[in-house]
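The numbers here are math on the coordinates, done by the rules we state, and not lab data. Please read all numbers here as calculations on a predicted model, not as lab measurements. As a convention, Cβ positions derive from the backbone with ideal geometry for all residues, glycine included, and neighbour counts pool all protein chains shown.
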Amino acid sequence: MCDRHHRAIVASMATMTDHVTPPVGAGPWGRLFAAIYDPVLWAGELAGMRSRRRDLLALARGRTLELGGGTGLNLPYYPDDLDELIVAEPAAPMRKRLEKAVRRSNRTATILDAAAERLPMDDGSVDTVVSTLVLCTVDQPVVVLDEIRRVLRPGGRLLFVEHVRADSAWLAAWQDRLEKPWRRFAEGCRCNCATVALIEAAGFTVRHRSEGTWRAMPAIVRPLVSGTATQRQGHASSLPPGAHDCGPARTSSLLRNAARTSQRTVPETTNAVAPLVKCPAAAASSIAAHQRSARRGVMTPPSISSVTWRPRTSRKKLGS
Ligand SMILES: C[S@@+](CC[C@H](N)C(=O)[O-])C[C@H]1O[C@@H](n2cnc3c(N)ncnc32)[C@H](O)[C@@H]1O
């Protein structure tokens, strides 16, 4: 790793044409939500979420991919000796904050404008995938879990913290009642997902599991589970692709959806890669991976432009 060189490369990719949903985080509420995200979570972070992040992310190893990195709340907790840190975030207002957080952290990270449903990474190319409060938000958690299985190398680990469907029937009923308004408020987040059951049904074995409460947050998102999962070799997902729903009460609609949705669809994304890196080799490897995916027909070939970024003390052009 070239720790002394602080560089940023912005690589623009051609826009994908097969999107079916509007861009994530677009619109005035998406911008406002990104702006209030840290203040809204602040008390919860202090009341225990921060230490949950710290404990979980200490387990990250090798080439690590974080999905839906948001404003970058996980950045301080990654080990310093990761081979590479890649953070995917499809919402532009979140990504703007994430970029700032990476710069502030003085850490090497590649920021991808990519939805978790379709990652610009080679098969088996990642050692650790991180999802904190993301599987509840993505439109198609089953497709995302399938994609995580694809990019993880055999033996690679998924690290997750997710708020989940309550065990208490009373609270679960409130989660169902308030799902829609909460979803509108929290930019797509479903408060009633049985996410851990979904992870297991998608072909993972949950290895460590720690249940808890997201203190200082509304009751409907308090039940929390963090843990690690590895993919079961030779066991494909038992969930149909394209399924949207995530609560046990919705299994039948999930199966109905499966019949209708045999083709994968992904949210619209400008599909740009914006690596903020200290080491050009790391950026080059990410871009090369992108290009390999494009050659395999997984995505539109990239047209890459680059800019450089260094801390104020030592700004210099990339390659100079
Ligand atoms: C509740 S926030 C969690 C942010 C961050 N991971 C954290 O722990 O604070 C959910 C994040 O998922 C992102 N997101 C939404 N749809 C997504 C998708 N299809 N793929 C990846 N990320 C997505 C949102 O933009 C948002 O940043």
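Provide the packing ranking of 215-228, 59-72, i.e. peptides ordered by the mean count of other C-beta atoms within 10 Å per residue, highest first. Each step should come with its number before you reach the end.
Details: 215-228: 18.3, 59-72: 23.0.
Top to bottom by mean Cβ count within 10 Å: 59-72, 215-228.
So, in nm, how far is label H208 from label W29 when the simple model puts each one 7 Å beyond its Cα toward the Cβ?
3.7
Binning every alpha carbon pair distance of the stretch 127-197 at 10 Å from zero, what are the percents per bin?
Going from the shortest bin to the longest, the percentages are 20, 46, 25, 9, 0.
Give me the number: length gained by fully extending D81 to S105, i.e. 0.36 nm times residue separation minus the C-alpha to C-alpha distance, one decimal in nm. Before the final figure, lay out the partial values.
Working: separation 24, 0.36 × 24 = 8.64 nm, distance 1.46 nm.
Gain on stretching D81 to S105: 7.2 nm.
Would you work out the Kirkwood radius for the stretch 30-70? I mean one over the mean of 1/r across all pairs of different Cα atoms, in Å. Walk me through the numbers before you get to the answer.
Numbers: mean 1/r = 0.0836 Å⁻¹.
Mean inverse Cα-Cα distance, inverted, gives 12.0 Å.
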